[in-house]
Structures are given as structure tokens and as C-alpha cells.
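Undergrad: First the structure, then my questions, so here it is.
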Amino acid sequence: MTSRKATELIHHPYVPPPGFAAPQVGVYKASTVIFPSVAALRARDWRTKSGYTYGLHGTPTTFQLEERIATLEGGKHCLLVPSGLASIACVNLALLRAGDEVLLPDNVYGPSKAMAEGELTHWGITHQLYDPMDPGDLQRKLSDRTKLVWVEAPGSVTMEFPPLAHLVQLCRQRGITTALDNTWGAGLAFNGFDLGTGARSTTGSGADIVVHALTKYPSGGGDVLMGSVVTRDDRLHEQIKLSHMRLGWGVGANDVEAVLRSLPSLVARYRAQDTSARQLAGWLRGRPEVAQVLHPALPGSPGHEHWQALCGDDGLAAGLFSIVLHERYPSARVDAFCEALALFKLGYSWGGPVSLVVPYDVHAMRPAGRWPHRGMLVRLSIGLEETDALRADLEQALRTLG
Ligand SMILES: *Cc1c(COP(=O)(O)O)cnc(C)c1O
């Protein structure tokens, strides 16, 4: 699947201006688009993409990126928004109204939970957290008020890989819309719109909506903030698109170009970071300072069997994983370990060239949750540096733990 995607992303249809047969997409910038007549101005419909009306409704540059991201995700329609978090907001605002309830996995991307606690609560939309590793818990929490269920695989700090297809199926049986945050899978590790595996594979077994923080792998440079909302269903797309237009979300052409430029190397970068991350994760497993390595492709990690079922025995994984340090190290020592790293920089995000590290106190993040570990968690995002150099950096920093 991924090798085909690499080719599709490079040979995606694009018609260059006459006489300029370059494969790179032009950068078109405009707020105003000029119409030849009042009749043309009145007749042009921005919703169908049959013409251009105003910069906010799309340019040749944004249309190209929308089409490529739709291809990447295996969907039909794509909307671009100014960040990954905005793609979550875009879906929530388009689909939820006062009195509705939205369900989030308890290991959900943190700011998504904050949005539910803040804006959604203010607007009379309730939320509940469910345990993504326990479909029964989700099933018990679904009600007539549930209008949207978010799923994510794996949790991007604690790295549990849930039985995604099962979660989505429970919602589908009750006619409830599901939205997948596919930033980790990046459209490569699995297809968000087709979560069935092997003989059970059917179109319609996947999420209804797939959002992606293009900030991460598709940008790949650590220099762009952008998000996407992809759908297959025309009616659902129209509903989100109308809300997207009314709320005035747009993206800048230079940022779009940066993502278009990075997409051809997406598969190569994802594979390279996966390989490097797995080598480092395997090595860290043997270190006495480390109580557990949380990486869905490693046997023994929570939900490894679900990763294997969905992504395949030789499947892909993002270059992101966490380690739980031995409980004998208090948080100040773990902070010092993170600061002792030289190549790994302290910072949020992932998918860029620079390796990153963040320490997390999971007990404080998830007061009600089940979290079996006593040690501090450290999340590592593997960049594009040489694996041996990263290993040596980790080794010298681990030594400072004593
Ligand atoms: C980074 C991230 C987001 C948000 O993306 P931004 O562009 O930083 O707003 C959403 N979901 C996941 C899983 C992420 O990792």
C-alpha cells in the first residue's frame, strides 16, 4: 500500500500552465479573484470547485494539496485548516450542537480534551472520556445524545494501540459518526477509511472523518502548522465545508507549497524514522534504567496485537515512542536526563528532522485513568539524524541517571 502511495503522491495529476511543463505545483496567492461579468460573478459556485470565487474558498495551490491529502488518506474530499488542532475544532463545530454529547478516548491528544472541557462545555455540548482499550466501556457510554465519537491510534503520549475497527463498528451500528485523528498513521501505516483486515476488509469499515495534523509528517520540516479534514461521504463533506466556510478558516499559499514540496518524500521519511525508532526502542528495552518501552510495534506494548492486526506483521509505525523510567528515579532526575540529551531537543511535535524529547507525568494528566506505571514517562520523537548518534546520545544521558 505504501509503495503505491509513494508513487501516487509523486505522479499525482497536475496540469501546469501552458508551455511550462514543470511537475512542481505553482504558488497562487489571492484574496480577490476577478470575474469577467456580473453574470459570471453571480453564477460561479465555490462549493463545487468548478471555479474560483475568493481566496478563502480555494486557489489552484490549495486545491492541489486537498486532492493529494484526500489521495493519501484514501478519501474523496479534503478541507485545509490552519493547524491540526483546528481540524479537530472544525469537525466539532460542524457536527455538534447544544445538548449533544461527544466521546473522546481517555488518552486523546491533550488539547482536544481541553477543547471539550472549555468551548464545547460553554456551548452546552457535553463530553465523556472512554477507555479506548475496552470497547465495552465505549458501548456503555454511547447514548441517544452521542453525536460524534473520536478515535485515535495509538494514544500519542502513552502509545496504547486500540482495537480501532471494533470501536468504529460499535458506533456505526448505532448510526453515530466517527472521526479518526490519523496523525500517527499519516495515511501510511493503515487506511483510516478501511479498518477491516484481511477477509473482513470492506469499504465502510472505517471512520467517517479522518483528520491529520499536516504539521507533523506531511510538512516534515517543523516549519508549518496545518491540518486536514478528509471525508468520503458527499453529504458529510458538504456539512463540514459549509461550516468551514462560515467560520473563515483558510491557509496561506506559502505554507501549502511547503507541504506540497514535502509530500513526495513522505513515505521515505516515515519509513526511515520508523526504522530508526524501532532500533532505538529495541535497544532501550535492554537498559536497566528503563522499566518499559511503549511502542505499538514491539511485542509486549499495550495493544501490540491490535497494531499487528491492522498494520500487518511487517507493518509500519511512526517514529514516536515513549519509555517509562524505573520508579527509583524521581521526576527531577528524569528532567535532568531529558536536559542531558544533546541531539534530542526539548520540544513538542514530531515528524520533523530534529529528534525531540518531552517528559510527562501521566498521573497528573489522567487523574481518573488506569495507568499501571509508577515511573515517569519520557516521549521520544525520532528525527532524521543517524541512529547510532541518537543511541550514543541516549546512552550518555542515561548514565547521568546513575
Ligand atoms: C500535533 C497533533 C495535533 C495538532 O496539530 P497542530 O498542528 O500542532 O495543532 C493533533 N493531533 C495529534 C495526534 C497531534 O500529534
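Undergrad: If you scan region 251-279, which residues turn out to be more than 19 Å from the chain's Cα centre (by Cα) and among the small types (G, A, S)?
TA: G252, A253, S276
Undergrad: Evaluate the following for L80: is it within 16 Å of the ligand (Cβ to nearest atom) and closer than 25 Å to R261 by Cβ?
TA: yes
Undergrad: Also: Can you tell me which of (1) open to solvent by less than 50 Å² (accessible area, probe 1.4 Å); (2) more than 16 Å from the ligand (Cβ to nearest atom) is the one S87 doesn't meet?
TA: With (1) open to solvent by less than 50 Å² (accessible area, probe 1.4 Å); (2) more than 16 Å from the ligand (Cβ to nearest atom) applied to S87, the lone miss is (2).
Undergrad: Scan region 173-192 for residues that are in contact (Cβ under 8 Å) with a residue 60 or more places away in the chain and either outside any loop (DSSP other than H, G, I, E, B) or surrounded by fewer than 22 Cβ atoms within 10 Å (Cβ to Cβ) (or both) and jot them down.
TA: T177, A179, D181 - these are the residues of region 173-192 that are in contact (Cβ under 8 Å) with a residue 60 or more places away in the chain and either outside any loop (DSSP other than H, G, I, E, B) or surrounded by fewer than 22 Cβ atoms within 10 Å (Cβ to Cβ) (or both).
Undergrad: Among the residues that make up region 373-381, is at least one of them touching a strand residue (DSSP E or B) at 6+ places or on another chain (Cβ under 7 Å), farther than 26 Å from L263 by Cβ and part of a strand (DSSP E or B)?
TA: Within region 373-381, one or more residues are touching a strand residue (DSSP E or B) at 6+ places or on another chain (Cβ under 7 Å), farther than 26 Å from L263 by Cβ and part of a strand (DSSP E or B).
Undergrad: Only one of these is crowded, with 22+ Cβ neighbours inside 10 Å, in contact (Cβ under 8 Å) with a residue 12 or more places away in the chain and of a type in the set (G, A, S): G227, G282. Name it.
TA: G227
Undergrad: Cβ contacts < 6 Å: first residue closer than 14 Å to W184 by Cα, restricted to region 312-325; second residue of a type outside the set (A, V, I, L, M, F, W, C) and in a strand (DSSP E or B), any location; separation 6+ or different chain. Result?
TA: L320/S381; S322/R379
Undergrad: How many of the residues in region 31-62 are part of a helix (DSSP H, G or I) and surrounded by fewer than 19 Cβ atoms within 10 Å (Cβ to Cβ)?
TA: Residues meeting the conditions: 12.
Undergrad: Are any of the residues in region 191-204 aromatic (F, W, Y) and either over 26 Å from L80 (Cα atoms) or within 11 Å of the ligand (Cβ to nearest atom) (or both)?
TA: Checking region 191-204: not a single residue is aromatic (F, W, Y) and either over 26 Å from L80 (Cα atoms) or within 11 Å of the ligand (Cβ to nearest atom) (or both).
Undergrad: Could you tell me which of the residues R379, R333 is of a type in the set (K, R), touching a residue at least 12 places away in the same chain (Cβ under 8 Å) and within 16 Å of the ligand (Cβ to nearest atom)?
TA: When all the criteria are applied, what remains is R379.
Let's see how each residue does on (1) touching a Leu at 6+ places or on another chain (Cβ under 9 Å); (2) assigned to a strand (DSSP E or B); (3) within 13 Å of the ligand (Cβ to nearest atom):
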| residue | (1), (2), (3) |
| --- | --- |
| V91 | yes, no, yes |
| L120 | yes, no, no |
| Q139 | yes, no, no |
| L148 | yes, yes, no |
| P154 | yes, no, yes |
| E160 | yes, no, no |
| L167 | yes, no, no |
| C171 | yes, no, no |
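Undergrad: If you don't mind, another one. Of the residues G250, G222, which is in a loop (DSSP other than H, G, I, E, B), in contact (Cβ under 8 Å) with a residue 60 or more places away in the chain, farther than 20 Å from N182 by Cβ and within 16 Å of the ligand (Cβ to nearest atom)?
TA: Answer to the check: G250.
Undergrad: Hey, another quick one. Any idea which of (1) under 14 Å from the mean Cα position of the chain (by Cα); (2) buried (at least 21 other Cβ atoms within 10 Å of the Cβ); (3) within 15 Å of the ligand (Cβ to nearest atom); (4) assigned to a helix (DSSP H, G or I) is the one P111 doesn't satisfy?
TA: (2)
Undergrad: Find the residue count for region 348-375, including only residues that are open to solvent by less than 40 Å² (accessible area, probe 1.4 Å), more than 15 Å from G220 (Cα to Cα) and modelled with pLDDT of 95 or more.
TA: 2
The values are calculated or read from the model by the stated rules, or taken from the named source; none is laboratory data. All values reported here derive from a predicted model rather than from experimental measurement. Cβ: placed from backbone, ideal geometry, glycine included. Neighbour counts: every protein chain shown. We work out accessible area using only protein heavy atoms, side chains counted, and drop any ligands, DNA or RNA first. Shrake-Rupley method; radii C 1.70, N 1.55, O 1.52, S 1.80 Å.
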